[in-house]
Amino acid sequence: MKIKYLFLSTSLIIVLSLTMFGQTTRKVKAKTINQPKDVSSVMDKPVFESTVDSLNTKVWIISQRKNKKLMKTNMGKLMSKMDNNKVRDNATKDAMMTGTHYFIFDVTNITNGKQFADSSAKVEIVSPLMKISSVNLQPMMNHFGGGVSLDEKGEYLFTVNLNIGSSYKTTQFKYKVK
């Protein structure tokens, strides 16, 4: 009986020591890549936010100066690499940099937290002097965006039309330029 316990304890010590000494002693350097998952993670508070039906919409309006600074960050570099097609890249960059401000429209499905596939967005703008203009928003990484001209001071009326498959959703809000 004593030989059984001696054999069992010896084999247990060998197995445990093999696992302890078998571990690597090399130091492995792992680099964590922090990529922003959505626009909300890099932007301030939105100028408009609404939840209707199963849609959560957020809008940011930033100056082109701030937009250019954002484009120099990691998120901007990721956005410039989002498509290998140079024609689309140049068109997207032109649409982003035109006008005085950059309009960001983020829409998510609140039931699953994901963006909508096969969707497009357009914003119609009514200026304080009642001039009407519209901009087709470009799909970006996980939001829509485009340059808008807000050269007059006062209150603007924005109407965002979202085309999701075969249905349309409309959101309207006001924004004041000082």
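The values are calculated or read from the model by the stated rules, or taken from the named source; none is laboratory data. Owing to the predicted nature of the structure, the values given are computational and were not obtained by experimental measurement. Don't worry about glycine lacking a Cβ; one is built from the backbone with ideal geometry, like all the others, and counts go over all protein chains shown.
Tally up the residues in the range 158-178 that are without any contact (Cβ under 8 Å) to a residue 12 or more places away in the chain and not aromatic (Phe, Trp, Tyr), please.
Adding up the residues that qualify gives 3.
Identify all residues within the range 162-178 that are closer than 12 Å to Lys122 by Cβ and surrounded by 16 or more Cβ atoms within 10 Å (Cβ to Cβ); write none if there are none.
Across the range 162-178, the qualifying residues are Leu162, Lys169, Thr171.
When both residues are 6+ apart or on different chains and their Cβ atoms are under 6 Å apart, which pairs have a first residue that lies in the range 138-157 and is under 19 Å from Pro128 (Cβ atoms), and a second that is of a type in the set (Lys, Arg)?
Once the first residue is under 19 Å from Pro128 (Cβ atoms) and sits in the range 138-157, its partners that are of a type in the set (Lys, Arg) give Glu155/Lys174; Glu155/Lys176; Leu157/Lys174.
Test Phe158 against the stated conditions and say whether it is of a type outside the set (Asp, Glu), modelled with pLDDT of 95 or more, crowded, with 19+ Cβ neighbours inside 10 Å and out of contact with any His (no Cβ under 9 Å at 6 or more places or on another chain). First the steps, then the outcome.
On the way: of a type outside the set (Asp, Glu): yes; modelled with pLDDT of 95 or more: yes; crowded, with 19+ Cβ neighbours inside 10 Å: yes; out of contact with any His (no Cβ under 9 Å at 6 or more places or on another chain): yes.
Yes.
Could you list, in sequence order, all residues of the range 1-55 that are part of a loop (DSSP other than H, G, I, E, B), surrounded by 10 or more Cβ atoms within 10 Å (Cβ to Cβ) and either at pLDDT 80 or above or touching a helix residue (DSSP H, G or I) at 6+ places or on another chain (Cβ under 7 Å) (or both)?
Pro36, Val42, Pro46, Val47, Ser54 - these are the residues of the range 1-55 that are part of a loop (DSSP other than H, G, I, E, B), surrounded by 10 or more Cβ atoms within 10 Å (Cβ to Cβ) and either at pLDDT 80 or above or touching a helix residue (DSSP H, G or I) at 6+ places or on another chain (Cβ under 7 Å) (or both).
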